[in-house]
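The values are calculated or read from the model by the stated rules, or taken from the named source; none is laboratory data. This is a predicted model, so every value here is computed, not measured. Note: ideal-geometry Cβ built from the backbone for every residue, glycine included; neighbour counts use all protein chains shown. Accessible surface areas use protein heavy atoms only, side chains included; no ligands, DNA or RNA. Shrake-Rupley method; radii C 1.70, N 1.55, O 1.52, S 1.80 Å.
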Amino acid sequence: VTLCLRGSKLQKVEAKKAAAEKAVSFVTDGMLVGLGTGSTSAFAIRALGERVKAGLRIRALASSVASEALAAESGIPLVPAEKMDTTDLYIDGADEIDRSRNLIKGGGGALLREKILAFHSRSFIVIADESKLVDHLGAFPLPVEIVPFGSALTLKELILLGCEAGIRQKDGKPFITDNGNLIADCRFGSISDPEGLNRALLSIPGVVECGLFLHPMVGRVIVGHRDGRVTEPS
Ligand code: 5RP
């Protein structure tokens, strides 16, 4: 059983890597590239680093402190946040992807910077292993970034929208985002109206952003499979 589990984990890692490498093949000289956050994005950052070492000339913007550090370590030239511009291509992972290319993101807690980069990109490629494909969003708890001030009241408002919500914890303490905020993980169950929910969440004072990345934000979805194939579900 242990060997089987290890094998399936390995296949998942290979699937993420295959999707990441395919997305990186679309990067060309002169591009400003947005770098996502998470384990799948980390494969993309490393693959991009290899291409930079081989002579590719690009600049990049990172969606988190962790991705910035990995990019620097991988030799990718970074643009400082204050010189931020629209990216030619943004590559990032997702926690759930539905058939209309709507996403839940923020499992890694970087949803705010990710959404800013995704919004200000000429093209957004989502990379994932096949386990992220769903019929309806919502089995994965929706991450919502909220400011610490009044967070108990903000949480109450979130719950009034019909979810079970809790403040994300890490090492026995509230998880703090790169922006100094908290994450409320909201269990709505199946989300039937993502646009309506996005609007309702953003209308609550104290909510900074939520992890719904809705159509037409996403240009392409590249999925890696356990058998090594890479596909683009339509
Ligand atoms: C981070 C994210 C990630 O893209 C998402 O959680 C997927 O992560 P992974 O590639 O590790 O499965 O939204 O905020």
task: Name the residues whose placed amide hydrogens come within less than 5 Å of the amide hydrogen of Glu209, ignoring near sequence neighbours (fewer than 5 apart) on the same chain.
output: Glu145
- prompt: At a 1.4 Å probe, what is the % contribution of carbon and sulfur to the accessible area of region 107-234?
  reply: 56 percent
message: Cβ neighbours within 10 Å, averaged per peptide: list 89-102, 15-28, 165-178 in order, most packed at the top.
response: 89-102, 15-28, 165-178
field: Integer Hz, Karplus 6.51/-1.76/1.60 couplings in order for region 83-100, x for Gly and Pro
entry: 9, 4, 9, 4, 8, 6, 8, 10, 10, 8, x, 7, 8, 8, 9, 9, 5, 9
Karplus-derived 3J(HN,Hα), 6.51/-1.76/1.60, for each residue of region 171-178, Hz, glycine and proline x: 6, x, 10, x, 6, 10, 6, 4
field: Dipole magnitude of region 172-234, debye to nearest 20 (Cβ charges: Lys/Arg +1, Asp/Glu -1, about Cα centre)
entry: 140 debye
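Mind ranking 113-126, 204-217 by how tightly packed they are, going by the mean number of other C-beta atoms within 10 angstrom, highest first?
On the way: 113-126: 21.2, 204-217: 19.4.
Per-residue Cβ counts within 10 Å, averaged per peptide and sorted highest first, yield 113-126, 204-217.
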field: Relative contact order, percent, region 167-216 [alpha-carbon distance under 8 Å, six or more residues apart]
entry: 22 percent
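Tell me whether region 86-231 comes out rounded, prolate or oblate; compute the Cα gyration tensor, take square roots of the eigenvalues as a ≥ b ≥ c, and use a/c under 1.5 as the rounded threshold.
On the way: a/c = 1.71, a/b = 1.57, b/c = 1.09.
Note, shape of region 86-231 comes out prolate.
Where does the chain land at 222 nm, in deg cm²/dmol rounded to the nearest 500, when only DSSP H runs of n ≥ 4 count, each adding -39500 (n - 2.57), divided by all residues?
-10000 deg cm²/dmol, from helical runs alone.
Under 12 Å from the Cβ of Gly7, count the other residues' Cβ atoms, weight Lys and Arg +1, Asp and Glu -1, and hand me the total.
On the way: positive: Arg6, Lys9, Lys12, Arg226; negative: Glu14.
Once all neighbours under 12 Å are counted, the net charge is +3.
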statement: Given pairs Lys22/Lys115; Lys17/Lys132; Lys53/Lys170; Lys83/Lys132; Lys16/Lys83 and cut-off 24 Å on Cα-Cα distance, the over-length ones are Lys53/Lys170; Lys83/Lys132; Lys16/Lys83
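Can you check what the net charge comes to around Ser234, using other residues whose Cβ is under 14 Å from the Cβ of Ser234 (Lys, Arg +1; Asp, Glu -1)?
Details: positive: Arg99, Arg101, Arg220; negative: Asp98, Glu232.
Here the charged neighbours net out to +1.
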- prompt: Once you sort the root eigenvalues of the Cα gyration tensor of region 153-226 as a ≥ b ≥ c, which label holds: rounded (a/c under 1.5), prolate (a/b larger than b/c) or oblate (the other case)?
  reply: oblate
- prompt: What is the set of long-range amide H partners of Cys186 at a cut-off below 5 Å, with H atoms built 1.01 Å from backbone N?
  reply: Leu142, Val144
- request: Write out the cysteines belonging to the chain for which the nearest other cysteine Cβ is not under 4.7 Å, or none if no such cysteine exists.
  value: Cys4, Cys210
statement: In degrees rounded to 10, the 0-90 angle between helix 2-24 Cα long axis and the longest Cα principal axis of the chain is 70 degrees
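Find out how many positive minus negative residues lie around Cys210, taking Lys and Arg as positive, Asp and Glu as negative, among other residues whose Cβ is under 15 Å from that of Cys210. Numbers along the way, then the final one.
Details: positive: Lys105, Arg113, Lys115, Arg168, Arg187, Arg199; negative: Asp95, Glu96, Glu114, Glu145, Glu157, Asp185, Asp193, Glu195, Glu209.
Its environment carries a net charge of -3.
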